[in-house]
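Worksheet: the structure to be examined is printed underneath.
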Amino acid sequence: MGARKRRPDVNWGVKFEGNLVAIHARVLIVAKEDAIAGPLAEGLDRLGWRTITARGPYAATTALGDMQIEAAIIDATASVEEAVILAKRLRASCAPRRLPIIAVGDFPEPPAGGPFDLTIAPPLHPAQAALRLESLTRMTIAEEEYELRLETFAEHGRRLDLPQEAEGPFRILAVGEPAPQFLALSNALAASGADATGAFTAYTAFDYLHERAFDAVVLWAGANQAEALSIAAGMRRNTRLYHIPAMLYLQSPAEIGLAEAFHRGVSDLASPETPPAETARRVIELARAYRRQTAIRQALEKARSSGLMDVATGLFTRDLFAAHLARLVQSARLRNRPLSLCVLRIAERPETTVARAGGWLDRAIPQIGSMLGRLVRAEDTVARLGPEVFALALPSTPQSAGRAAAERIAAVIGCTAFEAGEKRPAFVVDFDIGVAEVEAGEPAAHALERAASRAQQLKAS
């Protein structure tokens, strides 16, 4: 993004030098006043979600057209009707790019027509907003990726299954002692049509979580709020439970540091001061979003059984990746999103040379490919370009984040020992990594060559 003149109706979220500034915002906040927008913007900026605040519709649509905005937050406290109109206008102005929109306001019922992806009662804590933004933007990118894969696989004579959301009532796990306030919330959930299961202890809660499928968890922070927070943190450390949203239900909002709660993995907060029906609605909204995200992830993962993937690793083949990459580049250009490409080449090490000569490296390749497929997001594309060369296409990811992702994946695989034969020590695998962000107007093949060249340079050094 180039330099831009300062405008009175836009708060760019950065300090100015003179009257020009380079903008790299991720979140658009639309608010006439600073009561909500000011603290929210400051907190999100500190958490890495750089913001830009617009005072009206014109400034908001201008920002969307100029920058790679990933999501919008609308202050709807003054007028829900105006916020609904604005949300529809913002969506139309950035099409075909999907724009997740969060509305902050008092909503007795969600506005008809679905103009918002999420409605939250004020105040919205920055850490809470960051968690919800992460979830919504990932779902948005996954939906776009699914549509692109539909086209790529159809071109190769295969049809992917459509996302199938789980049927039946939303399954909610309510964890905590049977206090009157918590029982009132459980009753409100049941009245809303949810299937609520009670668990009195953390041990029972994790037994349920490992035995059954739940769409959301409600944690009662009554006499033992430390236990409630430990459950939320434990869920975030478990890859299978990581995405399940957790609502923390407090006896009093003053009992806990909000930042601590959100950083421990809580998705939302509520207290008995909020009517049980409103809290139940928010829990069900969390559950509905989780079901949608789960359905999209599962649909993307089913591509491995399409018959088009590399037989040994389950990853995209070289030809399939080339066809899909062309679509990814075109999509990134149309939607004004970054796209990073990573090439990971197995590095030449003495132990690797020995393992290759004995055929043990070839035997390890299926496990390495499987690990690569599991260590990326569902919306990322992983391919096997050659016997020992892999590639990642990371949508909505700038180069710095792409390199961090590739290095994280290489570090995890580098901690894995592979068999090298009887009486020989196990060997580990390192990677030469090259990363390139696709530039404006650049062909897909050229960007991939730049990434491969950087990996090759590391190998030569």
Response to the item:
Subtracting the Cα-Cα distance of Arg318 and Arg158 from 0.36 nm times their residue separation yields 55.9 nm
Item to complete: May I ask you to compute the full-extension gain from Thr239 to Arg333, defined as 0.36 nm times their residue separation minus their alpha-carbon distance, rounded to one decimal in nm?
Response: 30.6 nm
Worksheet entry | Two-decimal ratio, segment 32-179, of alpha-carbon radius of gyration to 2.2 N^0.38 Å | 1.22
Practice prompt. For the chain, find the longest principal axis of its Cα atoms and tell me its angle to the long axis of helix 444-460, 0 to 90°, nearest 10.
Written response: 60 degrees
Worksheet, complete the sentence: Rounded to the nearest 10 degrees, the helix 225-237 long axis (Cα) sits at an angle to the longest Cα principal axis of the chain of 30 degrees
Worksheet item: Rounded to the nearest 500, what is the chain's calculated 222 nm mean residue ellipticity when only DSSP H runs of at least 4 contribute -39500 (n - 2.57) each, over all residues?
Response: -15000 deg cm²/dmol
Worksheet item: For labels at Ala426 and Thr204 in the simple 7 Å Cα→Cβ model, what's the distance in nm?
Response: 4.0 nm
Discussion item. Please compute the per residue accessible area over segment 331-414 with all protein chains in place, 1.4 Å probe, rounded to a whole number of Å².
Written reply: 37 Å²
Worksheet item: In whole Å, what are the Cα extents of segment 329-375 along the three principal axes, biggest one first?
Response: 48, 20, 15
Worksheet item: What is the Å³ per residue value for the convex hull set by the Cα atoms of segment 123-197?
Response: 140 Å³
Worksheet item: Put a dot 7 Å past each Cα toward the Cβ at Ala184 and Asp66; how far apart are the dots in nm?
Response: 4.9 nm
Worksheet item: Quick one: what Rg and Dmax do you get for segment 361-443 from the alpha carbons, in Å?
Response: 14.5, 54
Item to complete: Quantify, in whole percent, the carbon and sulfur part of the accessible surface of the chain (1.4 Å probe; protein heavy atoms only).
Response: 52 percent
Worksheet entry | Size of segment 232-322 as Cα extents on the principal axes (Å, biggest first) | 58, 25, 20
Fill in: All Cα pairs of segment 290-416, percent lying beyond 27 Å
20 percent
Worksheet entry | Segments 139-151, 199-211 sorted - mean Cβ within 10 Å per residue, highest first | 139-151, 199-211
Worksheet item: Semi-axes, largest first, in whole Å: what does sqrt of 5 times each Cα gyration tensor eigenvalue give for the chain?
Response: 39, 30, 20
Worksheet item: Could you give the angle, 0 to 90 degrees to the nearest 10, between helix 180-191's Cα long axis and the longest principal axis of the Cα atoms of the chain?
Response: 70 degrees
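The values are calculated or read from the model by the stated rules, or taken from the named source; none is laboratory data. Source: prediction; values computed, not measured. Cβ sites come from the backbone with ideal geometry, for glycine too, and all protein chains shown count toward neighbours. For accessibility, only protein heavy atoms count, side chains too; no ligands or nucleic acids. Shrake-Rupley method; radii C 1.70, N 1.55, O 1.52, S 1.80 Å.
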